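What follows draws every value from the coordinates through simple rules; no lab data is involved. Everything quoted here is computed from the prediction, not taken from an experiment. Reconstructed Cβ throughout: ideal geometry from the backbone, glycine too, with neighbour counts over all protein chains shown.
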Amino acid sequence: MTTRFSWKTILAACTFGLACLAGSAQAEPLRIGYSDWPGSVAWQIAIDKHWFAEKHLDVVFDWFDYGAMLDAYTTGKLDAISATNGDVLSTGANGHKSITIMLNDYSDGNDMIVATQDIKTVADLKGHKVAVETGLVDHLLLLTALQRSGLSENDITIVHTPTNETPQVLASGSVSAIGVWQPNAGQALHEVSGSHPLFTSHDAPGLIYDTLSVDPLSLKNHEKEWREVVQIWDRVVAYIKDPATQADAIDIMARRVGIAPKTYKRFLDGTHLLSLSDSRPIFERGPGLDSLYGSDENADRFNVRYNVYKHPQNVGSYIKPLF
């Protein structure tokens, strides 16, 4: 699936029927799950600057590893998640629906196909082995790269590998390329001499959107509050993009994940943050990746093909922008 986590864990975590329904009706405060992805970490700016308190919003952000966040949402412990559009579909199809109310960003280089020195183009992968965690977001990125080069997955040998193990597998020489996202991508590039990005999410903008997606009952009961949360996001993006405040923004984000601001700046550069005005055309219906609808349809086809879930989703029922 177009996710940064495995559907099996999501499915195992979800309690169907009354348990999920009961968990979706959250009491105050509104609880939002966020994790270590720049478009999600950016919320830390609003937290540290007390912008929610300024608006008298009772909002709590809970920090998780990404997979644990999805688990918490599927078991009804969160009102909303900062997650990829593919995850929004998979969690919904597997038991706990959510509605995308805004877009944080799209991946703009942080997801990569990293190849060894002898592989110069995607076409050169023909007949070679590629390590990727199948069913996840960089599997989709790999298929997109192959398709654009006139190849298919039948032209390579895919070696299923957990994402955090792909740098070691590339270093072992047993594969010619890996599908990987940051920070594992950076680890591979650092550890394997001559390795280089062969194809990245910068080459396919809109393939991977990161969203703020909300439990339908919470959205129904607290739409006014969610609209105010969305407006605060616009303030976050402006603070990051303003040259006068960008250094402080990066320092806040880097401190949240425990790395140097200079390093974090590179991760941020691979994430295309979206203001509300940037998002408006993306929320218009269209077949391409420049539309959330088109990107969701693409993710949905991939998810069904690779058995993330059995039946295609009505992607329009997962989308309701609040601006």
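Before moving on, here are some points about what is shown:
- The stretch 264-287 versus the stretch 101-133: alpha-carbon centroid distance in Å: 20 Å
- Working note: Cα atoms of the stretch 111-203, range along each principal axis, descending, whole Å: 30, 26, 24.
- Net charge dipole, the chain: roughly 320 debye, given to the nearest 20, about the Cα centre with Cβ charges of +1 for Lys and Arg and -1 for Asp and Glu.
- The stretch 194-323: C-alpha gyration tensor shape, a/c 1.5 cut-off, then a/b vs b/c: oblate
- Cβ crowding within 10 Å averaged over residues, with 138-144, 274-280, 256-262, 295-301 ranked highest first: 138-144, 295-301, 274-280, 256-262
- Protection proxy ranking, highest mean first, for peptides 72-79, 146-153, 88-95: 88-95, 72-79, 146-153, where packing is the per-residue count of other beta-carbon atoms within 10 Å, averaged.
- Pairs from the list Lys55/Lys77; Lys97/Lys241; Lys129/Lys320; Lys77/Lys310 with a Cα-Cα gap above 29 Å: Lys97/Lys241; Lys129/Lys320.
- The long axis of helix 246-257 is offset from the longest Cα principal axis of the chain by roughly 80 degrees.
- Look at the dipole of the stretch 138-245 built from charges on Cβ: of Leu198, Leu217, Ala185, the Cα furthest out on the positive end belongs to Leu217.
- For the stretch 97-102, backbone phi angles converted through the Karplus equation (6.51, -1.76, 1.60; θ = phi - 60°) give residue-by-residue couplings of 6, 9, 10, 6, 9, 6 Hz, Gly and Pro being listed as x.
- Tilt relative to the chain, helix 223-241 - C-alpha long axis, 0 to 90 degrees, to 10: 50 degrees
- Between Thr121 and His50, the contour length at 0.36 nm per residue exceeds the alpha carbon distance by 20.8 nm.
- Beta bridges per DSSP with both ends in the chain, % antiparallel, nearest 5: 60 percent
- Helix 292-305 vs. the chain, principal-axis angle (Cα, 0 to 90°, nearest 10): 60 degrees
- Label-point separation, Asn221 to Ser172 (7 Å along Cα→Cβ), nm: 4.9 nm
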